[in-house]
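Before any comments, here is the structure.
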Amino acid sequence: MIFAKYVFLLLLFILVYVGFQALLEVLVRQRKARFRLHYVKNATVGARLSAYLEKNSRAFKHIEDLLESIDSKLSMRAMLTISVIGMLSGLLAGILFFATVKGAVIITTIGSSLPYLLLRVKLVSVRLQTRLEFLPAVEVFYQYYMMDPNQNMKIALKYCLEENRILYPIKPVFEQLYRHLMTQRDTEESLRIFSLTLGHNWADYFTGIMRVALKEGSFVGDSLKELITDMRKAQRFDQMERNRLLEIRIANFTPIGFLALFMWINFKVNADNAYLYYVVDPAGRNMILDALLLIFVSFLMGIYLSMRRM
């Protein structure tokens with residue numbers, strides 16, 4: 001019992017320290033960016049570790065692409081800090097409330113993976129918003145591409161965006177692609193982020209056509225026309241798939257609502273007995289833990305099915 005108390009105090013100290021450090025970093029980030037030299041910033045341990053992980057870790061690169069695809073303001077360092085805070089918070093909650101190894105492992109897993117899952121949920125939301133707008137955007141792009149005497153992809157994309165022919169919510173996705181291409185960023189990486197953001201087969205075909213035009217300089221008007229024709233034929237099917245995705249998203253949050261409603265009713269009817277069973281009694285706490293585990297697994301399955309439906 002004494003050992004568990006010391007472990008809890010140690011974890012609490014680590015959590016407070018990490019949280020305070022993250023808050024302090026956010027408060028002084030702009031000031032440090034003004035006064036600290038570039039080579040000093042790159043010499044820090046955090047920068048070196050980030051550079052090493054970026055080169056050698058596929059998971060690091062994957063999360064970085066996710067952040068960029070949803071145009072998140074979070075940096076990779078902030079994302080890692082939030083994940084560590086979530087892990088420590090889950091570990092503390094598991095030890096304090098459930099007081100079992102099972103509870104500590106499950107809550108720690110949920111807390112540490114929650115930031116990544118929220119990124120995935122945001123990405124699915126972006127894909128849902130842009131799915132039906134992709135065909136009109138490609139049609140407008142095709143018109144500008146064919147009107148350009150040189151059939152230049154970048155120039156056609158530029159005029160589409162400048163004249164506001166590609167509308168929200170898909171316009172930011174094309175703007176991001178244009179920025180990447182015009183800042184001499186690697187073409188393959190720019191197209192990969194564009195395809196990841198949209199997340200369906202039509203986007204993969206479109207990026208394949210753009211890849212050929214940008215790297216080989218070939219005329220791709222016929223390929224774009226064929227793509228548009230196929231997309232028009234499949235437009236009704238795309239609407240049906242979007243409805244299924246909305247159903248999956250609703251089903252994701254239904255168990256959480258039922259659990260909250262069930263516990264609220266129990267506490268409303270008899271608060272004392274509900275407290276004794278759900279908080280004091282180990283069997284009640286284990287039931288809540290199992291419910292959280294099932295909700296977490298169903299949440300994972302919902303995200304997986306959403307990604308497969310794209």
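Here are the numbers:
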| quantity | calculated |
| --- | --- |
| Pairs with Cβ under 8 Å, 6+ apart, first in the stretch 115-133 and over 22 Å from residue 228 (Cβ atoms), second in a helix (DSSP H, G or I) and of a type in the set (Ser, Thr, Tyr) | 115/83; 116/83; 123/69; 123/197; 124/306; 126/69; 126/197 |
| Residue check for residue 153: touching a residue at least 60 places away in the same chain (Cβ under 8 Å) and either open to solvent by 10 Å² or more (accessible area, probe 1.4 Å) or hydrophobic (A, V, I, L, M, F, W, C) (or both) | yes |
| When residues of the stretch 57-97 are limited to those that are part of a helix (DSSP H, G or I) and among the polar types (S, T, N, Q), the one surrounded by the fewest Cβ atoms within 10 Å (Cβ to Cβ) | 83 |
| Lone unmet requirement of (1) of a type outside the set (Lys, Arg); (2) closer than 25 Å to residue 168 by Cα; (3) over 18 Å from the mean Cα position of the chain (by Cα) for residue 107 | (2) |
| Any hit, the stretch 250-270, residues being at positive phi and either modelled with pLDDT of 85 or more or part of a helix (DSSP H, G or I) (or both) | no |
| Residues satisfying the stated conditions in the stretch 167-182, i.e. part of a helix (DSSP H, G or I) and either open to solvent by less than 30 Å² (accessible area, probe 1.4 Å) or modelled with pLDDT of 90 or more (or both) | 171, 172, 173, 174, 175, 176, 177, 178, 179, 180, 181 |
| Filter pass, residue 185 being at pLDDT below 90, of a type outside the set (A, V, I, L, M) and either in a helix (DSSP H, G or I) or touching an Asp or Glu at 6+ places or on another chain (Cβ under 9 Å) (or both) | no |
| Set 105, 138: member being in contact with a helix residue (DSSP H, G or I) (Cβ under 9 Å, 6 or more places away or on another chain), without any contact (Cβ under 8 Å) to a residue 24 or more places away in the chain and in a helix (DSSP H, G or I) | 105 |
| Some residue of the stretch 234-242 being touching a helix residue (DSSP H, G or I) at 6+ places or on another chain (Cβ under 6 Å), open to solvent by 90 Å² or more (accessible area, probe 1.4 Å) and either at pLDDT 90 or above or among the charged types (D, E, K, R) (or both) | no |
| Every residue from the stretch 98-127 that is buried (at least 19 other Cβ atoms within 10 Å of the Cβ) and either touching an Asp or Glu at 6+ places or on another chain (Cβ under 8 Å) or among the hydroxyl-bearing types (Ser, Thr, Tyr) (or both) | 108, 112 |
| Cβ-Cβ under 9 Å pairs, at least 6 apart or on other chains, the stretch 271-285 side closer than 15 Å to residue 100 by Cα and of a type outside the set (Asp, Glu), far side outside any helix (DSSP H, G or I) and modelled with pLDDT under 85 | 282/99; 282/100; 285/99; 285/100 |
| Only one of 172, 149 that is under 25 Å from residue 69 (Cβ atoms) and not polar (S, T, N, Q) | 172 |
| Among (1) within 30 Å of residue 286 (Cβ to Cβ); (2) modelled with pLDDT under 60; (3) open to solvent by less than 70 Å² (accessible area, probe 1.4 Å), the one test that residue 13 misses | (3) |
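Let's see how each residue does on (1) open to solvent by 20 Å² or more (accessible area, probe 1.4 Å); (2) within 20 Å of residue 67 (Cα to Cα); (3) part of a helix (DSSP H, G or I):
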residue: 165; (1), (2), (3): yes, no, no
residue: 191; (1), (2), (3): no, yes, yes
residue: 204; (1), (2), (3): yes, yes, yes
residue: 209; (1), (2), (3): yes, no, yes
residue: 215; (1), (2), (3): yes, no, yes
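The values are calculated or read from the model by the stated rules, or taken from the named source; none is laboratory data. For clarity, every value in this text was computed on a predicted model and none was experimentally measured. With ideal geometry, Cβ positions are generated from the backbone for all residues, glycine too; neighbour counts draw on all protein chains shown. For accessibility, only protein heavy atoms count, side chains too; no ligands or nucleic acids. Shrake-Rupley method; radii C 1.70, N 1.55, O 1.52, S 1.80 Å.
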